[in-house]
Structure formats: C-alpha cells, structure tokens
Amino acid sequence: MKWATQIVSWASTLLIVRLLSPGDYGLYGMALVYTGFVAPIYDLGVSAAIVQRHDLTDDKIARLGGLSLIYGFGFSLVSVLLAPLVAAFYKESEVARIIMLLSVAYLITAPQMLPRALMARRLEFQKLAWIDGLQSISLTVTTIAFAMMGYRYWSLAYAALISSTVTTLLALAWAPHRITWPTQFRRIAGEAAFGWNVALSRVGTYAYSNADFAIVGRVLGKAALGAYEFGWTLATIPVDRISSLIARVIPSVLSRVQNDREGLRRYCLGLSEGLAFVALPLAAGMALTADHFVLLAIGPRYAGAIGPLRLLAFYGGFRAIATVISPMLVATGHAKSDLKYTLFSLAVLAPLFYLGSHWGTSGVAAAWIVGFPIASYPSYRAVFRLIDLDARTYARTLWPPIAASLIMAVMVVAARVAMPETLPLAVRFACEVAVGALTYLAVIRLRYWSRMQRFIQLVRGSGDGGEDSPDIVVQPEAGVVSV
C-alpha cells in the first residue's frame, strides 16, 4: 500500500506543481516545519502505551481514549497561540493563518488515536494499511481539485483537513471503543507517564536527527546546506522506505512477546539480519556510484553533494539495522531508559557535528559515522542484556549480508576500473548498477537464500491477524517459521 500510494503521490505532485507556484509551496512548507515537529508527539505517547500494555482493562483503555482527546485539544490551542510567533520568525503573516487552520486537524484526528492503537495492538495491519492508503488518495484528489479551483496554498491545507476526516471516520468504524472522561487520573498515571517518556524520546530523536542540518546551515551557509541536504536525501531515502515500514510493525509484534526473552531474541536477530540483507547493498551501491549518479542526475552543479553522499550512504545502511533497538526497549516497558539513551545520543552527536563542520559538509557526514556507534552503544548494551544476547552471536547474524555486500562492492570497483573512460557516463553507471545487483543476487541465491526466506516469512507471519492469532515461533537453525 505504501509503495502504491507513493507512486500516486509522485505522479500527482507533477500535476500539482503546474497548478501551484513555488511561493505557494514555500508558505505551506514554512507551516509544515512546525506541524511536522508536533505531528509525532501530539498524543503524548498514549498510542504507544495502549499497544505496549496488554493487561489494560476496557475501563483504562476508555480513559486513555479520553486523555488523547484532551491532548488533541491542548495541542490545537497551543498551535493557535504559537502561530503568530512562527509567522514572525519567517516574516510571512500568511503562515500564521495556515498553522491555525492546520491546528484544527489535531481535533479531527484525536478521536482516531484510540482505534488506530487498538488495531495495531491486535496486529490488524491490513486495516491500518487501507486507512493510510485512503488518506493518501483523498489527500491527492482533494489537493488537485482545490488547486484547479484556484485556492493556491489553501488547497494543501484544505486537503489535509479532508483526508484527516476520512481516516478518522474509517478508524472509528473499524475499531469502535467507548471513551470515558479521564477522571481519577491516578488510575492511568502509569500509562500516561510511559507515554510521556515515549513522546520526549521522539522529541530527542527529532533534535539529534536534525542537528546536523542546523549546524551546516548556521556555520557553512545555505549553499552548503543545499548540497548536504540533497546528499542526505539520496543516501537515506532507499533504506528509510524499508526501515520505516518495519518500524511501523515491530512495536506491536514485540509487545506481544514482551515477556518471552527467547522470542524477543529471535525477533531481534531475524529482523536485524533481514534489514541488513536489504539495506546494506543499497547503501554500499549508493556510496560506490555516488559521483556518477550525481553527475548524471543533476549535473556538476551539485558536485559538492558527492562527498557527503558517500559517507551518509555508508552510515544509512547501519542506521537501518538499528531500527529494531528502540522498539525493543519501548515494547518491554523501558520507555524511560529509551529516553535516557536518546538524550545521550543528542549530547554525543551535536558537538561532533559542530566539530566536523570545520572540514565542511563531508566532515559533518563523517561525524555520523564516528558518533553513531558511540551514541548507540548504551541502547544496544541494554537490549543485549534484556534479551540475553551476546555481541558475538549478533555479529555472526549480520555477517552474511555484510559478506555479500563486500563481494558486491569488490565487483563494482572492478567494473569501474575495467571500463574505459571513453564510454558515456550513463553507460558506465548502468553497467556498475547491473554488475552490483547481479553479483549480490547471485551470492544471496547461492549462499544465503534460506536465511533471506526466513526474514520474509518472519515479516509475513507478523501481520496475520488479531488477538487470537497463533503464536509465531522462529527457529533460526532450521531456517523455518512454525505456526
């Protein structure tokens, strides 16, 4: 569903671009800087608490649903109050009006928080996929309709409200549950505190994930930031599309086995290996062909993005593998520890970005490679202790995709050296991609096919159904999944 809606989105964007001016997009983009920050946290982790706590009574669930409505109203009010300040920062008064209108979306979507959380808790991912798909389609259709009627940047805002309404109605229809005003707050204080830790951790993740952009823009200027941001986008989009889908699924799945240490260990190893099989070759291929890709795609004007792109692609592959770690902590009730490790990552990475800026954008990109292992070490160590996993077993699990990617890299380098410089750049790039893809697929098929199948079966088995779904047991030694 994600890929289908992404294709629709890309195609419709080409049409919308012809209907709206760059200024319209710019105004709406300024508003999105604020709303994009608020969107992941405005339920203050209530959904995460409902998914993680499988011992919740119906009364507690109803009270948490009421609490999510209060949070939605509160963020809507705060957004209205902050809108003039955001507009003043950009010196664009229209931005305030856009944010005020979009703040209504928090009131519209707040009622769907509880149904969505219940569907995720029951592993009803097919329903969630349809809701996300219909949201994207309704957003696309209404944006085009309003744009054709001449509503300019308001087209984007009106479409956002309509798509939010569609998804809320659908969620309420598919997973209805009564909602109670959260009186006697102490009854849900533990779940609320858990949610606050999750929300604060998301804020910390947002902060350290965007600290490099802030430092590059501040220290190196807008031209350097443009090249760096372009390199970041190219380096992370392929692996982010994969890891983000897994990240949507694994919190619910892991919470189902939160008291089964062996089950958690199997999921950690199986998902980490599967992500590595997909992410590492994409990252290695992008790093090796970065110069040819940039010159072909956008020309020498963006040659400054080549260096950061190589380094960020290398980092992005291993970041995708780490997608499993934070959900492990949250699913087992250690949200406070996850927050602590997130703040540690911010404390480590932000100074390194500033230090790396003395060597330009490549220095900032290198800071990710140096700092990410340091920042991730405490959370990895905590998870390994939690599930009784030793580093040697984890390394052995990751070795097959690493080995296959290394073999692929050697063949791509050999192809680059062997091809004459007189060949057109497009031909050389196509040959490099073909050699890399064929080499990697051949190694996987001949040497590690059973391990790849195990990951596919693990993911397929994770989203089969509701509360009465059968337990999924993975046997790594045999390479099979039994139900």
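Brief remarks on what is shown
- Residue within region 62-84 that is within 24 Å of the chain's Cα centre (by Cα) and of a type in the set (A, V, I, L, M) present: no
- Qualifying residues in region 275-301 (those that are crowded, with 23+ Cβ neighbours inside 10 Å and either of a type outside the set (A, V, I, L, M, F, W, C) or in contact with a His (Cβ under 9 Å, 6 or more places away or on another chain) (or both)) - the one nearest to Arg454 (Cα to Cα): Pro281
- Of all the numbered requirements in (1) within 25 Å of Lys60 (Cβ to Cβ); (2) hydroxyl-bearing (Ser, Thr, Tyr); (3) in the same structural domain as Val46 (by TED's automatic domain parsing), Thr183 misses one, and that requirement is (3).
- Only residues that are assigned to a helix (DSSP H, G or I) and over 15 Å from Gln135 (Cβ atoms) were counted in region 4-25, giving 14.
- Summed over region 53-68, the residues that are part of a helix (DSSP H, G or I) and among the hydroxyl-bearing types (Ser, Thr, Tyr) give a count of 1.
- Residues of region 387-410 that turn out to be surrounded by fewer than 18 Cβ atoms within 10 Å (Cβ to Cβ) and among the hydrophobic types (A, V, I, L, M, F, W, C), as a count: 8
- Lone qualifier among Ser164, Ser209 - being part of a helix (DSSP H, G or I) and at pLDDT 90 or above: Ser164
- Of all residues in region 172-189 being part of a helix (DSSP H, G or I) and touching a residue at least 60 places away in the same chain (Cβ under 8 Å), the one that is surrounded by the most Cβ atoms within 10 Å (Cβ to Cβ): Ile188
- When region 319-331 is filtered for residues that are surrounded by fewer than 22 Cβ atoms within 10 Å (Cβ to Cβ) and either more than 14 Å from the chain's Cα centre (by Cα) or not assigned by TED's automatic domain parsing to the domain that holds Phe372 (or both), nothing remains.
- Residue pairs meeting the criteria (Cβ under 7 Å; at least 6 apart or on separate chains; first within 23 Å of Ser244 (Cβ to Cβ) and of a type in the set (Asp, Glu), in region 1-29; second modelled with pLDDT under 75 and surrounded by fewer than 17 Cβ atoms within 10 Å (Cβ to Cβ)): none
- The one condition in (1) in contact (Cβ under 8 Å) with a residue 60 or more places away in the chain; (2) in a helix (DSSP H, G or I) that Tyr71 fails to fulfil: (1)
- Test: residue in region 134-151 that is surrounded by fewer than 18 Cβ atoms within 10 Å (Cβ to Cβ) and outside any helix (DSSP H, G or I): yes
- Neighbours by Cβ (under 6 Å, 6+ apart or cross-chain): first from region 281-298, closer than 20 Å to Ala366 by Cα; second of a type in the set (Ser, Thr, Tyr) and surrounded by fewer than 22 Cβ atoms within 10 Å (Cβ to Cβ): Val294/Tyr302
- One residue alone among Leu32, Leu101, Leu82, Leu67 is closer than 24 Å to Val198 by Cα, surrounded by fewer than 20 Cβ atoms within 10 Å (Cβ to Cβ), at pLDDT 90 or above and in the same structural domain as Lys127 (by TED's automatic domain parsing), and that residue is Leu82.
- Within region 411-424, the set of residues being assigned to a helix (DSSP H, G or I) and either modelled with pLDDT under 90 or loosely packed, with under 12 Cβ neighbours inside 10 Å (or both) comprises Val417, Ala418.
- Selected residue (criterion: surrounded by the fewest Cβ atoms within 10 Å (Cβ to Cβ)) from residues of region 215-246 that are among the polar types (S, T, N, Q) and either out of contact with any Ser or Thr (no Cβ under 9 Å at 6 or more places or on another chain) or assigned by TED's automatic domain parsing to the domain that holds Ala129 (or both): Thr233
- Failed item, numbered, when Leu311 is tested on (1) touching a residue at least 12 places away in the same chain (Cβ under 8 Å); (2) surrounded by fewer than 20 Cβ atoms within 10 Å (Cβ to Cβ); (3) within 25 Å of Phe230 (Cβ to Cβ): (2)
- A single member of Ser337, Ser345 is more than 19 Å from Ile237 (Cα to Cα), among the hydroxyl-bearing types (Ser, Thr, Tyr) and over 20 Å from the mean Cα position of the chain (by Cα), and it is Ser337.
- Candidate set: region 142-170, residues that are more than 15 Å from Ala105 (Cα to Cα) and in contact (Cβ under 8 Å) with a residue 24 or more places away in the chain; chosen: the one farthest from the chain's Cα centre (by Cα): Met148
- Among the residues listed as Phe372, Phe344, the single one being assigned to a helix (DSSP H, G or I), hydrophobic (A, V, I, L, M, F, W, C), modelled with pLDDT of 95 or more and in contact with a helix residue (DSSP H, G or I) (Cβ under 9 Å, 6 or more places away or on another chain): Phe344
- For the condition hydrophobic (A, V, I, L, M, F, W, C), in contact with a helix residue (DSSP H, G or I) (Cβ under 7 Å, 6 or more places away or on another chain), part of a helix (DSSP H, G or I) and touching a residue at least 24 places away in the same chain (Cβ under 8 Å), Ala110 qualifies.
- Region 118-137 residues that are without any contact (Cβ under 8 Å) to a residue 60 or more places away in the chain, paired with ones that are not hydrophobic (A, V, I, L, M, F, W, C) (beta carbon under 6 Å, 6 or more apart): Met119/Lys127; Ile131/Thr167; Gln135/Ser163; Gln135/Thr167
The values are calculated or read from the model by the stated rules, or taken from the named source; none is laboratory data. None of the values given here were measured: they were computed from a predicted structure. Please note: Cβ atoms are built from the backbone with ideal geometry, for glycine as well, and neighbour counts cover all protein chains shown.
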